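The values are calculated or read from the model by the stated rules, or taken from the named source; none is laboratory data. Keep in mind the model is a prediction, meaning the values are calculated, not measured. Cβ placement follows ideal geometry from the backbone for every residue including glycine, while neighbour counts extend to all protein chains displayed. Just the protein is used for accessible areas: all its heavy atoms, side chains included, with ligands, DNA and RNA removed. Shrake-Rupley method; radii C 1.70, N 1.55, O 1.52, S 1.80 Å.
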Amino acid sequence: MSTATRARTLFRLLAGASLAVLLAPGQADARTGKDPVDARSLLGSYLAGRIARGQHDTPAASQFYGRALQRDPSNEALIEQALIMEASEGRFDDAFRLARQLHALQPNHRMAQLMLGLSEAKAGRHAAADEHFKASGTGLIGELTSALSRAWGLTAQGDSKAAIDLLDGVKQAEWTQHFLRYHKALILDVSGRRAEARAAYERIFRTDPKTMRTTLAYAQHASASGEQKLARSILEEHAKKIGGTPHPMAKAVQDQLKGNERTGLLVTAPAEGLAEAFYGLGELLSGDGGLHVAAIYLQMALHLQPGQPLALAALANIYETTKRYDAAIASYEQIPRNTPLQAAVDIRKALNLNQLERVDEAKALLEQLADTDRTDVRALDALGNIMRGRKRYQEAADYYTRAIAIIGPKPDRKHWTYFYARGTCYERLKKWPQAEADLLKAMQLSPDQPLVLNYLGYSWVDQNRNLKAGLQMIEKAVSLKPDDGYIVDSLGWAHYRLGNYKEAVKHLEKAVELKPEDPVLNDHLGDAFWRVGREIEARFQWEQALTLKPEEDDVEKIRAKIAKGLPAKPPARVVKKSKEPVKAEGPKRQTKLGSQRPPE
């Protein structure tokens, strides 16, 4: 049942039975004189809106709050919630109207003041915007937002000195100083104070050479000033510090500089600077769990600078987090074509299409991307992951094989994921020699990857091969990821297969604590309970497994165990010293293990 459907169901229940106890039909509320139907509709809409918001279903929440406001248009709490919903969806005409209403009722309301400041700034009325932004500066994020917004407004009015003085006067935690120093540098640059801007950028870069956005601002400042060698050295140092592939935007500037072509400044006008401030705060908040507020900041950035690629990508990421895949695709499609983000955007769109069960569309998009650039493995990796997640293992293996061919005969440490993923596909296809070779290669490239240690170690134990080495690998995987229920389950199930039932129970109980919703883990724990004589608990775990929608092939097996228990114990296996040592420099298993995707 969708969030909207659940909310509507609750609305109907509240409007019907629940409040009937309190307000008899046909009687007016003695306190308000209003018809009870109005009261029921108001409360039902409000609570339905709360549920929808809690489930991140912002369109439904907006609809329910709007319905409630029709019943009680001067209710401050409803206006506030409706304002938040409209702003987070980027519907600023409605947001500004609600902000004016709320401001009339609560002149000091922070969100209302912020929205009114944005409205005035967009219209170029910076003095009026300053009053609103100043009044919105309560709380840590509110004070930071207020300072940055006012500073860019002062810059738009030609008073960069007052803007810098304002930012210098903000005394907050050290992490906020990053934003303040960055925007001081941008303001100095936009205002033509290039020498001061250079000093500010240098200080930021010395402190933090890994952040892509501040690095780009510094490099583009150097290039715009005609210092191409300095610009190239900044990007080279950044690439060295991050130790991986540069961000596509950094790579694009790097390519531009190879031809000694000058770049423009990252921020060229105060309106862009204000949008940059809102974007930066939105990205920060989205990583800190404040998704509704983060969405508002990103929408504010896009209101000032429509089509800003990074703000749209960050907003799409919020939609993905809240499982609004259609909205995520819509955001990606607003990013202008042929930006440096294009390949990454197409991949993310395809992954969202897959989530919407539009697999053929996802596959076609990624195939086209793979054909466009035959040196880029990212589209093939995404295709492999999609096919593997859908148990189309041969197709997945073929895509990983194509990616490995592009990588060439000398893969780097970071390429372990492709061998691991292909190895899991081969194991599912019962091609164990190929699977083992790939898993060993993955471990050779990156010896301490828990996924590889777990998969290979369990497979060996399951096949009664390399028992000691296999068990040690699983134990190492658990030590590296002690809170991963699937890996802890592997350790417990390995002990079970070896006949160490008491030890198995200990680990399988922990696995179920970590992943109580997994049917396979509950089934395993039931088996272990039975073997140690805890038969009532065993049947409880098997019954629990049935409620968690196990694979169809497992349903009848579990029911048979509930009815008859397990057969007599098989003889315990003896773990002997392995005669085939693991080259550390170099099963039949539950679906969850086989479908775990390596990090992207």
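Full extension of the chain segment joining Ala344 with Glu357 gains 2.7 nm, where the gain is 0.36 nm per residue of separation less the Cα-Cα distance.
Taking the centroid of alpha carbons for each part, the range 414-480 and the range 198-229 are 44 Å apart. Return the whole-Å distance between the Cα centroid of the range 484-529 and the Cα centroid of the range 352-374. So the two Cα centres are separated by 37 Å. Placing pseudo-labels 7 Å out from each Cα toward the beta carbon at Glu131 and Glu475 gives an inter-label distance of 7.3 nm. Of the residues Asp189, Asp381, the one with the largest accessible area comes first in the ranking Asp381, Asp189, computed with a 1.4 Å probe on protein heavy atoms. The aspartates and glutamates within cross-link reach of Lys569, meaning a Cα-to-Cα straight distance under 19 Å and a gap of 8 or more places when in the same chain, are Asp462, Glu503, Asp523, Asp527, Glu535, Glu537. Can you bin the range 175-223 into rounded, prolate or oblate? Criterion: square roots of the alpha carbon gyration tensor eigenvalues sorted a ≥ b ≥ c, rounded for a/c under 1.5, prolate for a/b above b/c, oblate for the rest. Because a/c hits 1.5 or more and a/b fails to exceed b/c, the range 175-223 counts as oblate.
For Arg337, Arg213, the ranking by accessible surface with the largest value first comes to Arg337, Arg213, using a 1.4 Å probe.
Using a probe of 1.4 Å, the accessible surface attributed to Lys210 totals some 120 Å² when neighbouring protein chains are kept in position. With K and R counted +1 and D and E -1, the other residues having a Cβ less than 13 Å from that of Ser149 yield a net charge of -1.
Summing charges over all other residues whose Cβ lies under 15 Å from the Cβ of Gln299, with Lys and Arg as +1 and Asp and Glu as -1, gives -3.
In terms of distances greater than 18 angstrom between alpha carbons, the cross-link table entries Lys391/Lys515; Lys210/Lys258; Lys468/Lys515; Lys430/Lys561; Lys323/Lys349; Lys122/Lys184 yield Lys391/Lys515; Lys210/Lys258; Lys468/Lys515; Lys430/Lys561; Lys122/Lys184.
For GluC sites (Glu not before Pro), the sites in the range 309-370 that DSSP calls loop and that have at most 15 other Cβ atoms within 10 Å are Glu357.
Scattering from the range 198-290 was approximated by placing one identical point on each alpha carbon and applying the Debye formula without solvent; log10 I(q)/I(0) at 0.11, 0.18 1/Å stands at -0.32, -0.84.
Placing Thr245, Thr339, Thr215 in order of accessible area, with the largest value first and a 1.4 Å probe, yields Thr245, Thr339, Thr215.
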